[in-house]
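Where a number appears in this text, it was derived from the coordinates with a stated rule and is not lab data. Quantities reported herein were computed from a predicted structural model and do not represent experimental measurements. All Cβ positions, glycine included, derive from the backbone under ideal geometry; neighbour counts span all protein chains shown.
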Amino acid sequence: MLKRSFKILKVTFIIISIVYLGSAAFIVKNGLKKQTDKCDVAVVLGTAVTDQGTPSLRLQARLNEAVKLYQQGLFTQIIVTGGTGENGFNEAKTMQQYLMQQGIPKNNILLEPKALNTFQSAKFVSKIIKEHGFEKVMVVSQYFHISRIQLAFEGFGIPFVYRSHPDFFEWRDIYSILREVPAYTYYWLQFSGLSML
């Protein structure tokens, strides 16, 4: 009886592992596909700001990607989204300052300074997008983050979502990819109306 139970547990673990790793592979493969075209606005998702009030290397990479695409003429407006972290620095305002230092006019940068996570960013930014009449949107973030962002934006009624990511990779991406599987699943349940949470 014990041997049979152990075998069932082993098979269950193997199946769950295959599904989990398969989901992670889908998220990475989908996120690595850049889909850029001329659009109305780009949205750069925030992440950690240093204790000195400057963008982290990961955030700099996102912003540099947005600057590069802006200079290519793919969009004229950029929305930066991100709230205030534990160190007291606001991600959106820090991002605005960095973009201005790269030559982006202040009038071309819209701030969403309240969001504390991706769900809130999509929710709050979707209001800005609708208020300004933007129709085609490009999101910029890390490759492993793209699938969940796109899901969230489409869930809030933004249908034309292009995406890009910086060619910036680090060891912590492994943890971030593994974390994305339950996060993406949770968002999918939210927007499918299947979650009671």
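Comparing Q97, Q150, Q72 in a Gaussian network model of the chain (Cα springs below 10 Å), the most mobile by mean-square fluctuation is Q72. For M138, the residues 5 or more places off, or on other chains, whose built amide H falls under 5 Å of its own are V41, A42, V43, Y162.
Once the Cβ-Cβ distance of Q72 and L9 is raised to the sixth power relative to R0 = 45 Å, the FRET efficiency obtained is 0.25.
Residues of the range 145-163 with an amide N closer than 18 Å to a point placed 7 Å from the Cα of Q120 along the Cα-to-Cβ direction: 149, 152-153, 156. Largest mean-square fluctuation among E180, E170, E65, in a Gaussian network model of the chain whose springs join Cα atoms under 10 Å apart, belongs to E170. Candidate membrane-span-like segments in the chain, meaning DSSP H helices with Cα atoms spread over at least 18 Å of their own axis and a Kyte-Doolittle mean of 0.0 or above, are 2-32, 173-192, with no membrane implied. When the alpha carbon gyration tensor of the range 2-192 is reduced to an equivalent ellipsoid, the three semi-axes, largest first, read 33, 18, 15 Å.
Please give the direction-averaged projected area of the C-alpha convex hull for the range 24-104, in square nanometres with one decimal. Present the calculation step by step, with values, prior to reporting the outcome.
Numbers: hull surface 24.0 nm².
For the Cα atoms of the range 24-104, the hull's average projected area reads 6.0 nm².
Could you work out [θ]222 nm for the chain from helices alone, using -39500 (n - 2.57) per DSSP H run of at least four and dividing by all its residues? Round to the nearest 500 deg cm²/dmol. Intermediate results must be reported in sequence, preceding the final value.
Numbers: 6 runs with 102 residues, N = 197.
Mean residue ellipticity, 222 nm, calculated: -17500 deg cm²/dmol.
Using Cα centres only, tell me the gap between the range 64-80 and the range 96-112 in whole Å. Distance between centres, Cα-based: 10 Å.
Report the charge-dipole magnitude of the range 2-192 in Debye, nearest 20, computed about the Cα centre from +1 at each Lys and Arg Cβ and -1 at each Asp and Glu Cβ. List each step's numbers first, then the result.
Values: 22 positive and 14 negative charges, 158 e Å.
Taking the Cα centre of the range 2-192 as origin, the dipole is about 760 debye.
Roughly what % of Cα-Cα distances in the range 50-94 sit above 11 Å, to the whole percent? Counting every Cα pair in the range 50-94, those more than 11 Å apart make up 68 percent.
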